[in-house]
Amino acid sequence: MTKNYEDRMNQAVKHLESEYASIRAGRANPSVLDKVTVDYYGAPTPINQMAAIAVTEARILTIQPWDRSTLGSISKAIMASDVGITPTDDGSVIRLVFPAPTEERRKALVKEVSKLAEDAKVAVRNVRRDAMDKFKAAKKASEITEDDLKNIEDKIQKITDKFIKEIDTVAENKTKEVMEL
């Protein structure tokens, strides 16, 4: 009965984690390129489907296209995206050197982390509200008893609390990652 709502809350947490993966914290992370697409024979194609992406050092990401003729278009796509790093290519490999973020930049990233966490919490609470409304309507239609409604409300609140705590943990870990030098 409450499984559907639990799944929806879990999706909010998964979405938060995928959003966090694209936040640059000074370390090279291939997922910062997930949203970058290249015009490849007229079709927008993700870079990870056109090239091997590897972290060669802590702050260096290398992109080795399977088709060397796409080097220029991959570089242009990275430049046009919001990655914020200028790619350098040596004719066969593109390198992205991630600079260590300044204190000011790290504080801005922490604000973004908090905002995304709050958005995820709102999504979880909206799922709780939907569930509560549905079960109150079922009670009004005499499909469930008052006791059933109380039990379901308690159960949904516990599930909500669990996911809110999980969001807090994920946000706290990302904040630590962003703030470490």
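Would a scan of segment 95-103 turn up a residue that is surrounded by 16 or more Cβ atoms within 10 Å (Cβ to Cβ) and at pLDDT below 85?
yes
At pLDDT 85 or above and either of a type in the set (A, V, I, L, M) or open to solvent by 80 Å² or more (accessible area, probe 1.4 Å) (or both): does that describe E153?
No; evaluated as a whole, the condition is false for this residue.
Is it true that A43 is modelled with pLDDT of 85 or more, loosely packed, with under 15 Cβ neighbours inside 10 Å and farther than 30 Å from E166 by Cβ?
yes
What number of residues within segment 10-33 are modelled with pLDDT of 80 or more and out of contact with any Phe, Trp or Tyr (no Cβ under 9 Å at 6 or more places or on another chain)?
Of the residues in that region, 10 qualify.
Which condition number does D82 fail, the rest of (1) under 24 Å from L109 (Cβ atoms); (2) surrounded by 13 or more Cβ atoms within 10 Å (Cβ to Cβ) being met?
(2)
Determine which member of the set A100, A120 is of a type in the set (A, V, I, L, M, F, W, C), in contact (Cβ under 8 Å) with a residue 40 or more places away in the chain and in contact with a helix residue (DSSP H, G or I) (Cβ under 6 Å, 6 or more places away or on another chain).
Answer to the selection: A120.
Does segment 130-146 contain at least one residue that is charged (D, E, K, R), open to solvent by 60 Å² or more (accessible area, probe 1.4 Å) and not in a helix (DSSP H, G or I)?
Yes, the conditions are met somewhere in segment 130-146.
Could you give every pair whose Cβ atoms fall below 9 Å, whose first residue belongs to segment 50-61 and is under 9 Å from V97 (Cβ atoms) and among the β-branched types (V, I, T), and whose second residue is open to solvent by 30 Å² or more (accessible area, probe 1.4 Å) and not in a loop (DSSP other than H, G, I, E, B), counting only separations of at least 6 or pairs across chains?
From residues that are under 9 Å from V97 (Cβ atoms) and among the β-branched types (V, I, T), the pairs are I60/R95; I60/V97.
With the requirement that a residue be of a type in the set (A, V, I, L, M, F, W, C), open to solvent by less than 40 Å² (accessible area, probe 1.4 Å) and under 30 Å from E180 (Cβ atoms), what does segment 52-73 give you?
I60, L61, I63
Give me the pairs: first residue in segment 153-175 and under 17 Å from E17 (Cα atoms), second residue among the basic types (K, R), beta-carbon distance under 7 Å, and six or more apart or on different chains, which are they?
Partner pairs satisfying both residue conditions: I164/K121; I167/K121.
The values are calculated or read from the model by the stated rules, or taken from the named source; none is laboratory data. These numbers were taken from a predicted model, which means no experiment stands behind them. Glycine gets a Cβ as well: all are built from the backbone with ideal geometry, and neighbour counts include every protein chain shown. What goes into the accessible areas is simple: the full protein's heavy atoms, side chains included, and nothing from ligands, DNA or RNA. Shrake-Rupley method; radii C 1.70, N 1.55, O 1.52, S 1.80 Å.
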